[in-house]
Ligand code: GRF
């Protein structure tokens, strides 16, 4: 049916987030103007996360779940029922279980606020990362966009961009520079990926 195949040519993105959601907002806004893909769901594991308000304000349905839902396959079934093509992690703090990784091969991506493989792994999120980068005396930091596997921050790298670490930087000032880099690049990298995907059957 012509109408139906037209609908399926619009790729369906789900964002998973745990925090403020500034990257989620940029992604939603970017794809609101796109004919090829839409953010159709914001999944969140934290009832008080700012991302829920942002999703509401932008008219994107949200889905609140807990750690057990993620582990026992409930989240996976929800994403499959919605025929999600690409899962985009944007400040999502939980480990993605192997079953979910396997259900979405090369269809889950994450953004990390440092130049992996340095400054990644369990506990390396938010200001912990920027604090460690400054404490190590690095002169450069940046962002890494990568496929997700069942280990924290270890999937294949898709994109990196760098920025300087300046004398006198605090975790706050470095975080602001990194966020600007994330907002500038994440939507475009996700768009390139989603365009190249074959449609989900
Ligand atoms: C970003 O720095 C991202 O790299 C990391 O978590 C942060 C989320 O920020 N994974 P926000 O919630 O998108 O503002």
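Nothing in this text is a laboratory measurement; each read-out follows from the coordinates by a stated rule. These numbers come from a predicted model, not from an experiment. Cβ coordinates were reconstructed from backbone atoms using ideal geometry, including for glycine residues, and neighbour counts include every protein chain displayed.
The table below gives the values:
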quantity	calculated
Criterion violated by residue 94 - all others in (1) more than 13 Å from the ligand (Cβ to nearest atom); (2) assigned to a loop (DSSP other than H, G, I, E, B); (3) surrounded by fewer than 20 Cβ atoms within 10 Å (Cβ to Cβ) satisfied	(1)
Failed item in (1) under 16 Å from the mean Cα position of the chain (by Cα); (2) under 16 Å from residue 111 (Cβ atoms), with residue 176 passing the rest	(1)
Set 60, 109: member being within 20 Å of residue 198 (Cα to Cα), in contact with a helix residue (DSSP H, G or I) (Cβ under 9 Å, 6 or more places away or on another chain) and within 16 Å of the ligand (Cβ to nearest atom)	109
Among (1) outside any loop (DSSP other than H, G, I, E, B); (2) farther than 27 Å from residue 31 by Cα; (3) touching a strand residue (DSSP E or B) at 6+ places or on another chain (Cβ under 9 Å), the one test that residue 173 misses	(3)
Filtered residues of the range 165-182 (kept if surrounded by 15 or more Cβ atoms within 10 Å (Cβ to Cβ) and within 14 Å of the ligand (Cβ to nearest atom))	171, 174, 175, 177, 178, 179, 181, 182
Qualifying residue in the range 141-164 (condition: surrounded by 15 or more Cβ atoms within 10 Å (Cβ to Cβ), more than 22 Å from residue 16 (Cβ to Cβ) and away from the ligand (no atom under 14 Å from the Cβ))	no
Filter pass, residue 43 being in contact with a helix residue (DSSP H, G or I) (Cβ under 8 Å, 6 or more places away or on another chain), part of a loop (DSSP other than H, G, I, E, B) and within 16 Å of the ligand (Cβ to nearest atom)	no
Single unsatisfied condition, residue 101 versus (1) buried (at least 19 other Cβ atoms within 10 Å of the Cβ); (2) within 14 Å of the ligand (Cβ to nearest atom); (3) outside any loop (DSSP other than H, G, I, E, B)	(2)
Selection status of residue 133, assigned to a helix (DSSP H, G or I) and touching a helix residue (DSSP H, G or I) at 6+ places or on another chain (Cβ under 8 Å)	yes
When residues of the range 27-40 are limited to those that are part of a helix (DSSP H, G or I) and in contact with a strand residue (DSSP E or B) (Cβ under 8 Å, 6 or more places away or on another chain), the one nearest to the ligand (Cβ to nearest atom)	27
Of the criteria (1) away from the ligand (no atom under 16 Å from the Cβ); (2) without any contact (Cβ under 8 Å) to a residue 40 or more places away in the chain; (3) under 18 Å from the mean Cα position of the chain (by Cα), which one residue 79 fails	(2)
Verdict on residue 111 being within 17 Å of the chain's Cα centre (by Cα) and not in a loop (DSSP other than H, G, I, E, B)	yes
